[in-house]
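The values are calculated or read from the model by the stated rules, or taken from the named source; none is laboratory data. In this text the structure is predicted, and so the values were computed from the model without any measurement. Here the Cβ positions follow ideal geometry from the backbone for every residue, glycine too, while neighbour counts run over all protein chains shown.
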Amino acid sequence: MFTIDSIEKETNLISQPRYDLDNKLTKEEIMEIKTLSREKRVDYGISPIGTGIFRFVSQKEPNIFFEAESFDNKELDALIYLPNPNKDMAFIILNSNQPLLNQVFATAHEYYHYIKDLEEIRNNPRICSLSSSKDKSEQKASRFAAELLLPDEALRIYVERFEDLIKRELKNAKFPDIAALCYALTINYCIPLKAVMFRLYEENYSGEIINYLSNYEFLKKIFTELNYRWSKQAKELMNSDNAYIEEIIYDLMGKAYEGGFVSSEILKKDIISLNLRQDFLGFIEKDNNDEYEDISVDIRDCLLKKLNGDTNG
């Protein structure tokens, strides 16, 4: 059971009021994003991807690895970083202070950048705050994430079933019904509430739903009346813990340095610029005259294959 305090806290988290998908993309750009989304999620059909997004991205792009870092900036959701601009190996670094719900959406968002903006990322890490939508590439990435997580066909079927349940069209539905629908989609498709509302708006199911975000008191009341079979999923999505990623960046950076594949200067620069764990600097600040055990031939060969983008070794 939720307490009043937890409802207020969790509703604010799950709503994500700073997501702004009300962009000015052209019809051609939207159709391109829809087509790309359908192509990438073909194995899922219209089923929810949800927290499977991390495995999904890793399978689609074996050169993408995940890392979670505790960033103080509450507006920062994730960044995508290529340690070697001459290779395609990339790290999506998620803000571990954000709820899992944010991390799911941010991963889909960064996945788009890897697909479409790789050449730009080669020169500079791409730092993404999902509250900023003025940049066209950010608008496209957020729209892609929303389409990937909640495709239009799945939304259509969900809405039709919901209309059968309430015995009226969604445009004529009462606010409590619409609020309940939005929460159901949020939980089942692991997509922020505001993104759900914009998906309904974008697909012409409602012309007013974007205004409902201002009525938080009513949303909270509806949230307490939802079926509690969703409570476990909701709590997981609102918690920042992420059990779905395997972090390797520090292990890989350490082996790369010890094996002579990267200089201490470059490694220090990347650690500082990416705001990675500062205690790792102690490892590379040791006297260069210290004796280190030689890295094994097997590890060296494996690392070289990873750095060259060969995932078969």
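Data table
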{"item": "Residue among 195, 154, 180 that alone is of a type in the set (A, V, I, L, M) and over 24 Å from residue 40 (Cβ atoms)", "result": "180"}
{"item": "Selected residue (only one of 146, 154, 184 is aliphatic (A, V, I, L, M), part of a helix (DSSP H, G or I), surrounded by 14 or more Cβ atoms within 10 Å (Cβ to Cβ) and without any contact (Cβ under 8 Å) to a residue 60 or more places away in the chain)", "result": "184"}
{"item": "Residue satisfying all of: in the stretch 95-124; under 10 Å from the mean Cα position of the chain (by Cα) and among the aliphatic types (A, V, I, L, M); farthest from residue 69 (Cα to Cα) among these", "result": "108"}
{"item": "Strands (runs of 3 or more DSSP E) (entirely within the stretch 67-139) containing at least 2 residues that are modelled with pLDDT under 85", "result": "126-128"}
